[in-house]
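Here the structure is laid out as structure tokens; the discussion comes afterwards.
The values are calculated or read from the model by the stated rules, or taken from the named source; none is laboratory data. Everything numeric here is computed off the predicted structure, so don't read it as measured data. Cβ: placed from backbone, ideal geometry, glycine included. Neighbour counts: every protein chain shown.
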Amino acid sequence: MADADAVRDVAIPARLNPTAEPAQPSTPAPSVTPPDAPPPAQPGEMSLVGHLTELRDRLIRIVLAIAVASSVGFILGDQIVAILKAPIPTDAPLYFTGLGDAFVIRLKIGIVVGIILAMPVILYQVWAFVAPGLTADERRVVRPWIPFALLFFAAGVGLAYVILPFAAAFLIGFSTADLQPLITAGAYFDFVTTMFLAFGLIMEFPIVLYGMSRVGIVTSERLVRSRRMAVLAIAIFAAAMTPGGDIISPLALGGTMYLLFEATIFAIRRSGK
């Protein structure tokens with residue numbers, strides 16, 4: 001009965017006013033469009049989380065390689081200390097003043113030796129992380145330079161060892177009857193290890209410049225135009241990265257960097273860039 005009464009109440013006004021438009025149904029509420037879902041990853045592409053996961057895994061492998069190689073350096077610490085002490089133009093022993101200084105020195109030497117020995121693994125992991133972002137042609141061009149990166153690092157460490165006797169003789173040469181050297185082991189090995197790592201890592205910059213040229217970031221013309229700024233940057237960097245305060249180390253490092261800079265420009269120009 002209630003339904004019939006409702007139908008009658010609606011129909012009566014319509015009969016009384018035939019010109020009235022029929023009642024329209026209530027307008028439904030507008031639907032809310034859900035946000036667009038992110039497009040699915042294309043085959044061969046990796047999400048941001050995937051990149052971060054891969055970076056974490058490769059960093060873990062690098063740390064493990066350095067740890068294993070550092071244990072070798074720590075075990076052979078006595079022999080390495082004797083080799084590194086040989087360039088000093090004096091037979092006096094090296095002294096340490098703290099109770100745990102000898103252990104810390106051995107640990108530092110082991111870590112530096114570990115980085116040097118693990119450099120092939122480090123370079124491979126860096127290349128394996130970067131290579132998927134390059135085109136096939138870029139990978140083909142840059143891949144042969146990876147062994148050169150290892151060779152340049154070894155050459156830098158060797159250059160540091162060759163320069164070390166001259167730098168030590170230069171600095172000790174300022175001693176007088178009233179100023180006699182009492183060389184502490186901590187200061188000396190901090191100086192040596194910093195020099196070795198600085199020379200080794202700096203020798204990698206030609207590889208970086210050449211790789212940047214292959215992806216279009218730099219060109220030989222741009223490097224030629226920036227030669228003056230490059231010379232100034234090399235001079236400042238060489239002075240900052242040689243901890244001894246002598247004149248021989250920064251000159252040797254800066255001269256080597258400049259020669260490599262010019263050789264890199266030549267190689268980039270020959271490659272057509």
Verdict on Ile116 being within 29 Å of Leu76 (Cβ to Cβ) and touching a Gly at 6+ places or on another chain (Cβ under 8 Å): yes
Enumeration of residues in segment 144-192 that are in a helix (DSSP H, G or I), over 23 Å from Tyr258 (Cα atoms) and either without any contact (Cβ under 8 Å) to a residue 12 or more places away in the chain or not hydrophobic (A, V, I, L, M, F, W, C) (or both): Gly186, Ala187, Tyr188, Asp190
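For every residue, the table says whether it meets (1) farther than 20 Å from Ala239 by Cα; (2) of a type in the set (S, T, N, Q); (3) modelled with pLDDT under 80.
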position: Val142; (1), (2), (3): yes, no, yes
position: Ile146; (1), (2), (3): yes, no, yes
position: Leu171; (1), (2), (3): no, no, yes
position: Gly186; (1), (2), (3): yes, no, no
Qualifying residues in segment 163-208 (those that are within 24 Å of the chain's Cα centre (by Cα) and surrounded by fewer than 20 Cβ atoms within 10 Å (Cβ to Cβ)) - the one nearest to Thr135 (Cα to Cα): Val208
Qualifying residue in segment 101-123 (condition: crowded, with 16+ Cβ neighbours inside 10 Å and either among the aromatic types (Phe, Trp, Tyr) or free of Cβ contacts under 8 Å to residues at least 12 places away in the same chain (or both)): no
Residue tally, condition among the hydroxyl-bearing types (Ser, Thr, Tyr) and farther than 18 Å from Asp91 by Cβ, over segment 173-189: 1
Flag for Pro13 being modelled with pLDDT under 80 and in a loop (DSSP other than H, G, I, E, B): no
Scan of segment 64-99 for residues that are assigned to a loop (DSSP other than H, G, I, E, B) and at pLDDT 85 or above, ordered by number: Leu76
Of all residues making up segment 127-141, the number that are in contact (Cβ under 8 Å) with a residue 24 or more places away in the chain and over 13 Å from Arg214 (Cα atoms): 3
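So that you can scan it fast, the table gives a plain yes or no per residue for (1) on the phi > 0 side of the Ramachandran plot; (2) touching a Lys or Arg at 6+ places or on another chain (Cβ under 7 Å); (3) of a type in the set (Val, Ile, Thr):
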residue: Gly133; (1), (2), (3): no, no, no
residue: Val142; (1), (2), (3): no, yes, yes
residue: Pro147; (1), (2), (3): no, no, no
residue: Val157; (1), (2), (3): no, no, yes
residue: Val162; (1), (2), (3): no, no, yes
residue: Ala167; (1), (2), (3): no, no, no
residue: Thr176; (1), (2), (3): no, no, yes
residue: Gln180; (1), (2), (3): no, no, no
residue: Tyr188; (1), (2), (3): no, no, no
Qualifying residues in segment 214-273 (those that are β-branched (Val, Ile, Thr) and assigned to a loop (DSSP other than H, G, I, E, B)) - the one surrounded by the fewest Cβ atoms within 10 Å (Cβ to Cβ): Ile217
